[in-house]
């Protein structure tokens, strides 16, 4: 294994571990989702500007490129709002796992707007993910009726978040040639403008520890995490990047279990495993037959 690949694996692992801890910081901050996202964008923007400057890609963009980047920013902000709202309703574990149906959303957007064809293999994995989604949805907390309703709302918000993220990723496909740091900077700057009127200015953090949690989301989980993520993407083949990206939900489940005592029920765990496996298979373009049928050995001559 080359030093570049090893370095890329380390970068991607760090980025995914950081991603998996976001839910804890969001819930511990004591802020509303709108405030958390607004402050994350406000604090993260100068960090991303610094990264873009150091990479030599800080520039003014206009016209169609700027418009697309801003549309992606709106989608990304809505994605964060929906996902952060889902955490206290469905738990970090359930919301994060359901959130990983985003590859299928991206495939659907490709079919609708780019005329891409869906292979039989992807339909199989889509069916498996849908079955996993049903298992996650129908096996909510067997407690009070209100809790069940909140859980279902949380699952729905996670699906909405996945769709919004897919839209942001889809828009990014049209911005090839534009630095990822610059795109991210425009996106979070859009978030600042979009959420400034919606932020609850009377209930901003007051305690130092709450400010520290929010600042960490802006500096570490936005600026530093983007640096590791983009570094990994530049060094690793797509297959390896896609495989390592599923460390994110695994870390999120572990954090949720140890920090909040939320343990998935057996049905939830089975449904979650189906979703993640289907997402991995779709990302890596695996064929179901290749997994079910053993490889035939070539006849010896």
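Throughout, read-outs are computed from the coordinates displayed, never taken from laboratory work. Computed from a predicted model, the values in this text were never measured in an experiment. Heads up, the Cβs are rebuilt from the backbone with ideal geometry, glycines too, and the neighbour counts pull from every protein chain shown.
Evaluated at q = 0.17, 0.18, 0.20 Å⁻¹, a Debye calculation over the C-alpha positions of the stretch 77-172 (equal weights, vacuum) places log10 I(q)/I(0) at -0.74, -0.81, -0.94. Shape verdict for the stretch 1-114, please, from the Cα gyration tensor: rounded (a/c under 1.5), prolate (a/b greater than b/c) or oblate. Rounded, since a/c falls under 1.5. The overall shape of the stretch 223-263 is oblate: from the C-alpha gyration tensor, with semi-axes ordered a ≥ b ≥ c, the ratio a/c is 1.5 or greater and a/b is no larger than b/c. Ranked for footprinting exposure by Cβ neighbours inside 10 Å, fewest first, 202, 221 give 202, 221. Helical content of the chain, expressed as a calculated mean residue ellipticity at 222 nm, amounts to -24500 deg cm²/dmol (DSSP H runs of 4 or more residues, -39,500 (n - 2.57) each, divided by residue number, nearest 500).
Percentage of Cα-Cα pair distances in the stretch 90-242 greater than 27 Å, rounded to whole percent? Can you show the working numbers first?
Details: 4735 of 11628 pairs.
Within the stretch 90-242, distances greater than 27 Å cover 41 percent of Cα pairs.
Note on the chain: with a GNM built from Cα contacts shorter than 10 Å, the maximum mean-square fluctuation among 149, 261, 127 falls on 261. In terms of the mean number of neighbouring beta-carbon atoms within 10 Å, the peptides 110-120, 83-93 order highest first as 83-93, 110-120. Rg of the Cα atoms in the stretch 167-227, relative to 2.2 N^0.38 Å, amounts to 1.38.
Of the peptides 227-236, 162-171, 50-59, the ranking by mean beta-carbon count within 10 Å, highest at the top, reads 162-171, 227-236, 50-59.
If you average 1/r over all unlike Cα pairs in the stretch 145-197 and invert the result, what Kirkwood radius do you get in angstrom? Provide the component values of the computation, followed by the final result.
Values: mean 1/r = 0.0748 Å⁻¹.
After inverting the mean inverse Cα-Cα distance, the result is 13.4 Å.
Here the Debye sum runs over all C-alpha atoms of the stretch 173-301 as equal scatterers in vacuum, and log10 of I(q)/I(0) at q = 0.17, 0.18 Å⁻¹ comes out as -1.24, -1.27. Packing here is the average count of other Cβ atoms within 10 Å per residue, and on that basis the peptides 154-160, 195-201, 267-273, highest first, run 154-160, 267-273, 195-201. At q = 0.17, 0.33 Å⁻¹, what is the log10 ratio I(q)/I(0) for the stretch 32-79, with the Debye formula run over Cα points and no solvent? After summing over all Cα pairs, the log10 values are -0.64, -1.08. Diffusion of the chain by Stokes-Einstein, at 20 °C in a medium of 1.002 mPa s and with Rh set to the Kirkwood radius over alpha-carbon pairs, works out to 106 µm²/s.
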